[in-house]
Each structure stands twice: as structure tokens, then as C-alpha cells.
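Visitor: Encoded as C-alpha cells, here's the structure I'll be asking about.
Please treat every number below as a calculation from the coordinates, not as lab data. Predicted model only: the values in this text are computed from it and were never measured. Here the Cβ is made from the backbone with ideal geometry for all residues, glycine too, and neighbour counts use every protein chain on show.
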């Protein structure tokens, strides 16, 4: 019985040891394999990254060389373009200067023409104004002489006594038609005739005012009064 027990116990221990060994083998083996796989992956990734870096650097170098070549080629082009732009700008400035000069000359001509036209217009307006003044003055003088002729009278005693003579009267009329500075410049021999001449202005009292177009403050008159018996 004891022998059987020891034999079973021994087999149990052997089985247990084998079981532990296989467990360790599987566990440690898988962990080592995973580590190896990880290391391999990392190595592969690092190699891939290196290759990418090298590729990128080579591409960058190629691009830099292209840029330098292009820059070298572009420099003379830029210089040409600059020269062309400068030439164009010079042509533009010349054209602008020519335009300015022509505009200035045209402005001068226009100013001269406008001045001449203004002067001509002023002259024509002055002439027209003078003509109008002359027309209105003549009309007013005619009116005054008519009024004087209408109000002039021969005194009855003078007629009866056959008194004759000539007197010269000076006077002014202001723009309101008032009679100013009435004087006998030349008298007749007879006071009756002189007084009759002055009485004409007493009868009239006042003339009508000047027309608005007549730009005068007053008008001076020198009027002869002739007393002569007809027949």
C-alpha cells in the first residue's frame, strides 16, 4: 500500500512539474515572441522613417536646385521687365507732360478768348448803355422843353406896350423832378418880361422824376426865352 501511495504521489509531482514547465514555456515564450515582433516592427518603422526622410531630403534638394536655377533665369527676366517698365513709365510721363502742356496752352487760349469776349461784351454793354442813356436823356429833354413851351406866356401889358426881348435862364432838375438853382443868366431890358419868364417855373413847380434807366443825379439846362411880337 505504501509503495502505491508513493508511486501515485511521485506521478502527481512529475505531472505538476511538467504542467508548470509547459505553462512557463507558453507564457514566457509568447511574451518573448511579442517582444521580438514589437522590436521587428519598431525596426521596420524606423527604417521606413529613415527612408522617408532621405526621400524628402532628396526631393527638397531637387526643389532647391530648381528654385536656384529658376531664380538665376528669372533675374535677367526681371531686369528686362524692370527696364521695360521704366521705359513705359518714361513714355507715360512724357505723354502726360505733353498733355499738360497742351492743356495749359489750351487754357491760356480759352482764357484769352474769354477775356476778349468779356471785354467785347463789356464794351457792347457800355455802348448799349450809353445809347440807352442818350435815348432816355433826349426823351426827357424833349418832355422838359414841351412843358416849358406849354407854360410859357407873353404878359398882356408887355404885348400891349409891344415890349420885346430875350432872356436866358439856367436851372437844374434833380432825379425827383425838382427845380434847383434857377437863375437869369441874361436879362431883357424889361422887368415884366423877366418876371414872366420866372413865373413859368412857379407855375410848373415840379417836373416828373427821371426814368429808372437814366442813371443821373441831375440835369443842367440853359434855356432862352424869346419875347417877340409877330407881324
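Visitor: Could you give the length gained by full extension between residue 83 and residue 138, i.e. 0.36 nm per residue of separation minus their alpha carbon distance, to one decimal place?
Guide: The residue 83-residue 138 span can extend by a further 11.8 nm.
Visitor: Give the separation of the Cα centroids, segment 195-216 to segment 55-69, in Å.
Guide: 115 Å
Visitor: Evaluate segment 151-227: find the radius of gyration of its Cα atoms, find its Kirkwood radius, and give the ratio Rg to Rh.
Guide: 1.06
Visitor: Still on this structure: Quick one: helix 191-204 against the long Cα principal axis of the chain, what's the angle to the nearest 10°, folded into 0 to 90?
Guide: The helix 191-204 is inclined about 30 degrees to the chain.
Visitor: Using 0.36 nm per residue of separation minus the Cα-Cα distance, give me the extension gain between residue 181 and residue 95 in nm, one decimal.
Guide: Stretched out fully, the residue 181 to residue 95 stretch lengthens by 23.5 nm.
Visitor: For residue 152 and residue 113, what is the calculated FRET efficiency with R₀ set at 45 Å and r taken between the beta-carbons, to the nearest 0.05?
Guide: The value I calculate is 0.20.
Visitor: Roughly what angle does helix 2-151 make with the longest principal axis of the chain, taking Cα atoms, 0 to 90 degrees, to the nearest 10?
Guide: It works out to around 10 degrees.
Visitor: Can I ask one more? Dividing the Cα convex hull volume of the chain by residue count, how many Å³ per residue is that?
Guide: 335 Å³
Visitor: When only C-alpha pairs under 8 Å and at least 6 residues apart count, what is the relative contact order of segment 151-227, in percent?
Guide: Contact order relative to length: 44 percent.
Visitor: Residues of segment 202-231 with amide nitrogen under 15 Å from the 7 Å Cα-to-Cβ point of residue 192?
Guide: Only 227-230 pass the distance filter.
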